[in-house]
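Chemist: Here it is: the structure, laid out below.
Please treat every number below as a calculation from the coordinates, not as lab data. Remember, predicted model here, so these are calculated numbers, not experimental data. Heads up, the Cβs are rebuilt from the backbone with ideal geometry, glycines too, and the neighbour counts pull from every protein chain shown.
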Amino acid sequence: MQSIYSDQPTWLHGLSAGLKLLAVLCLGLGLYATSNQLLLSIAFVCCVLVYASLGRVGWRAHRLLMPLLLACLLVLGFHAYMQQIDLGLVSALRMLSISLMGVAFTLTTSSAGLLHTLEWLMQPLNKLGIQTHRIALQLALMLRFIEHFFMVWQQLDDAHKIRTGKSGGLRLLAPLTLHMLQSAKRVADTLTLRLPR
């Protein structure tokens with residue numbers, strides 16, 4: 001399964017997955033705790049600077065940010081139509097900030113590091129007899145499949161543009177679904193062979 005995780009070291013690679021996850025969580029809570037445009041703008045600028053500090057590693061995933069920009073423009077357009085431009089700006093700043101940090105987290109956090117952090121967070125559930133390692137694995141796989149989904153979508157769209165000169169749009173839904181089902185089956189078969197029953 002493809003991943004946008006980069007082996008090229010950056011300063012964020014040196015931070016633990018748990019610390020980065022906590023930072024993203026605090027950022028998300030902070031963004032939705034205020035509607036002050038100045039504070040949200042400052043947070044957005046800080047997120048842009050953090051992302052830009054990744055250099056080539058950040059540039060590698062710039063295509064993933066294009067749908068985000070489009071979504072923000074649609075949100076702004078909708079709120080402008082509803083004469084709620086202030087609410088539109090607040091929503092767009094929140095989306096951009098948390099998405100930039102989410103992509104930065106994904107770029108600089110390995111699957112093993114994420115899995116270890118999730119298992120550590122769920123350790124108290126072990127006392128209740130819950131197999132937390134399986135839950136942690138499921139959560140890590142879910143996050144990686146979301147990432148894989150967008151990568152495959154971008155690749156299919158690029159291939160369609162090369163052939164036709166136009167974006168694939170809804171035409172990509174069928175091949176994308178088939179590809180994701182095949183990926184899920186390969187992962188399921190691998191887990192069936194490797195995980196103890």
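Chemist: Just subtract the alpha-carbon distance of Arg134 and Leu29 from 0.36 nm times their residue separation and send over the number in nm, one decimal. Spell out each step's value before the answer.
Modeler: Working: separation 105, 0.36 × 105 = 37.80 nm, distance 2.74 nm.
Length difference between fully extended and current span is 35.1 nm.
Chemist: May I pose another question? Could you give the nm distance between label points at Leu181 and Arg163, where each point is 7 Å from its Cα heading toward the beta carbon?
Modeler: So the two model labels end up 1.9 nm from each other.
Chemist: By its C-alpha gyration tensor, with a ≥ b ≥ c as the square roots of the eigenvalues, how is the stretch 57-154 shaped: rounded for a/c under 1.5, else prolate for a/b larger than b/c, else oblate?
Modeler: Values: a/c = 3.03, a/b = 1.92, b/c = 1.58.
It is prolate, given that a/c is not under 1.5 and a/b is the larger ratio.
Chemist: Oh, and also: Can you show me the helix-derived [θ] at 222 nm for the chain, built from DSSP H runs with n ≥ 4 at -39,500 (n - 2.57) apiece and divided by the number of residues, rounded to the nearest 500. It would help to have the intermediate numbers written out before the result.
Modeler: Working: 8 runs with 148 residues, N = 197.
So the helix-based figure for the chain works out to -25500 deg cm²/dmol.
Chemist: Do you know the relative contact order of the chain, to the nearest whole percent, from alpha carbon pairs under 8 angstrom that are 6+ apart?
Modeler: After rounding, I find 27 percent.
Chemist: Counting only complete DSSP H runs, which helices of the chain cover 30 Å or more along their long axis at the Cα atoms and score a mean Kyte-Doolittle of 1.0 or above?
Modeler: 85-108
Chemist: May I pose another question? I'm spelling it out carefully: the read-out is semi-axes √(5λ) of the Cα gyration tensor in Å, the candidates are (i) 22, 21, 17; (ii) 25, 20, 17; (iii) 30, 25, 17, and one was derived from this structure. Which label?
Modeler: This structure yields the entry labelled (iii).
Chemist: For the stretch 1-106, what does the relative contact order come out to in percent, with C-alpha contacts under 8 Å and a separation of six or more? It would help to have the intermediate numbers written out before the result.
Modeler: Values: 67 pairs, mean separation 41.6, N = 106.
Relative CO of the stretch 1-106 lands at 39 percent.
Chemist: At a Förster distance of 25 Å, what's the computed FRET efficiency of Arg63 paired with Asn36, Cβ-Cβ distance as r, to 0.05?
Modeler: The calculated FRET efficiency here is 0.20.
Chemist: Can you tell me the length gained on complete extension of the stretch Ile146 to Met122, counting 0.36 nm per residue apart and subtracting the Cα distance?
Modeler: Values: separation 24, 0.36 × 24 = 8.64 nm, distance 2.18 nm.
The span from Ile146 to Met122 would gain 6.5 nm if fully extended.
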